[in-house]
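Data block below; observations after.
The values are calculated or read from the model by the stated rules, or taken from the named source; none is laboratory data. No experiment lies behind these values; they were computed from the predicted model shown. Cβ atoms come from the backbone with ideal geometry, glycine included; neighbour counts cover every protein chain shown. Each accessible area value is taken on the protein alone, full model and side chains, heavy atoms only, with ligands, DNA and RNA left out. Shrake-Rupley method; radii C 1.70, N 1.55, O 1.52, S 1.80 Å.
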Amino acid sequence: MKLYTYDPAPNPRRLTLFMQYKGIEIETVQVDMMKAEQLTEEYRKVNPNCTVPALQLDDGTVLSEVIGICMYLEGLYPDKPLLGTTPLEKAQVISWDHNVFLTMMMAVASMLRNRGDSFRNRALPGPLDVPQIPELVERGRLQLEHAMPQMDARLADNTWVAGEHFSFADIDLLVCVDFMAWVKQSIPADCTHLQAWYASAKAELGISA
Ligand SMILES: N[C@@H](CCC(=O)N[C@@H](CS)C(=O)NCC(=O)O)C(=O)O
């Protein structure tokens, strides 16, 4: 197996933390997004979606969605499960993870990519050049401001995002909270459960404060 990734970017980090937690090591190739290497002809042959990460299997199959890669690796390395063990836990992890991805991760990405020069004409990842829509910055901010108190309420009654067990939904929320700093957002002071969860999640992942 070979993992194509770019360590500083948030979607690759989702997978890196998943692998680190489970002690999985895979040969890795860095695709430098600062040099737009994800758009080169060479990388398009690996992943025509022009995104990182992508996992190339020994038979040539390429998985290019973080959640799919994690499911595959969880099957190969079942110790320290991060995607649930019972049918209900599995459904809860996927549901909460999807919730985090749609309501928070996409909101931050929208705020980041629809303003400034770095993403001009690159408002969406992928092979297409897509113009920025500045109004989406405000929409992303509203979406995020709505999502955080909701997550805070969830964490008032649950230790971890998906319930009793630390899971991939926690990893994605942690990556999202750190990604928020890229658009100068942070957990509001009155979201105390979310604040406490953040400290616990970092400790669980061995991330120093
Ligand atoms: N659908 C992918 C999204 C991956 C993604 O968007 N990765 C970003 C890096 S965080 C990327 O490759 N961006 C390429 C670009 O901006 O051109 C997944 O969830 O794995």
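Worth pointing out:
- Surface listing: Ile26, Ile207 arranged by accessible area from highest to lowest gives Ile207, Ile26, probe 1.4 Å.
- Think of the chain as a dipole: +1 on every Lys or Arg Cβ, -1 on every Asp or Glu Cβ, centred on the Cα centre; then among Leu17, Tyr72, Met33, Met33 lies furthest on the positive end.
- A 1.4 Å probe, protein heavy atoms only, puts the accessible area of Arg44 near 80 Å².
- Each Lys and Arg contributes +1 and each Asp and Glu -1, all at the Cβ; summed about the Cα centre of region 87-204, the dipole is approximately 460 debye.
- Kirkwood-type radius of the chain, with distances r between different C-alpha atoms, in Å: 17.9
- Within the accessible area of region 87-204, the carbon and sulfur atoms contribute 58%, probe 1.4 Å, all protein chains present.
- Spin-label pair Ile207/Glu145, simplified geometry with 7 Å Cα→Cβ offset, distance in nm: 2.5
- Counting only aspartates and glutamates at least 8 places from Lys22 when in the same chain, those with an alpha carbon closer than 20 Å to its own are Asp7, Glu65, Glu74, Asp79, Glu89, Asp97, Glu164, Asp170, Asp172, Glu204.
- Lys22 accessible area, assembled protein chains, probe 1.4 Å, Å²: 30
- Taking GluC sites (Glu not before Pro) as exposed when DSSP calls them loop and at most 11 other C-beta atoms lie within 10 angstrom, the chain has its longest site-free stretch at 26-163.
- Expressed to the nearest 5 percent, the antiparallel share of DSSP beta bridges inside region 2-76 is 55 percent.
- Area accessible to solvent at Asp97, 1.4 Å probe radius, in Å²: 10
- Spin-label pair Thr159-Glu25: with each label point 7 Å from Cα along the Cα-Cβ axis, the two points sit 3.0 nm from one another.
- Solvent-accessible surface of the chain, averaged per residue with a 1.4 angstrom probe and all protein chains in place: 53 square angstrom.
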